[in-house]
Each structure stands twice: as C-alpha cells, then as structure tokens.
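Undergrad: Take a look at the following structure, please.
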Amino acid sequence: DPCGDRQGGSPLQGAGLAFLLQRVQGALSGELPQEVAAALLLPLDFTFVCPTEIVEFSNKAKHFRQNNCEVVGCSIDSHFVHRRWTLDPRSNGGLGPIDIPLLAD
C-alpha cells in the first residue's frame, strides 16, 4: 500500500520502506550505479491538475523499475489525504490503486 495504513502509519513503512531504503543504500554504495529516481511534485491531492499523469506514471512503474528508476510522488498533503485519494475510484475523481509511493511534505 503506497499510502500507509488506515491507522495513520507512515506513507512508507514495512516492505515499501524497506524496499526504498534498499534501493537508496544500493545507489549510495555503488552497487546500483545506474539507479535514479523520478520525483513527481504535485500541487494538492484531489485537484484535477495531475491525476491522469500520476495514474500514467503508476501504470508505467514496472517499466521504470526495469530500467533502474523509481518513481515517487510528493505533495504538501498528509499521508491521510494521500490514502483517501487512492481509496476513491478514478471514476469519482480519485486515483484508485497506484503502484508508486506518495510522500507527504
């Protein structure tokens, strides 16, 4: 779950956090010299500015990972808001399930 648990846990925790830390450590140690990250900086959740782009990056996340690139979204919203946005279906203005983490600033 890219947006934390229902009890208000961190947007990145458990397996997701471990995976991201492993990738960062690998890049810093030189074990993954080609590792890069693509940061999506979003204005606000629940706006109609970026949802189609976020969904498209999510749809292509596997392709990015195959090319040693992690895609991470970030906005000023809390992880509670990120979670809610991913719980709303796309047909209702939400993101629905996504395959990239959303960080809270």
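Undergrad: Note down all Cβ pairs under 8 Å where the first residue falls in the range 91-105 and is more than 21 Å from A37 (Cβ to Cβ) and crowded, with 16+ Cβ neighbours inside 10 Å, the second is of a type in the set (A, V, I, L, M, F, W, C) and at pLDDT 85 or above, and they're at least six residues apart or on different chains.
TA: G94/W85; G94/L87
Undergrad: Ok, one more. In the range 16-64, what count of residues is obtained for those that are open to solvent by less than 80 Å² (accessible area, probe 1.4 Å), at pLDDT below 80 and of a type in the set (D, E, K, R)?
TA: The total comes to 2.
The values are calculated or read from the model by the stated rules, or taken from the named source; none is laboratory data. Everything numeric here is computed off the predicted structure, so don't read it as measured data. When we count neighbours, we look across all protein chains shown, and the Cβ atoms used for this are built from the backbone with ideal geometry, even at glycine. Just the protein is used for accessible areas: all its heavy atoms, side chains included, with ligands, DNA and RNA removed. Shrake-Rupley method; radii C 1.70, N 1.55, O 1.52, S 1.80 Å.
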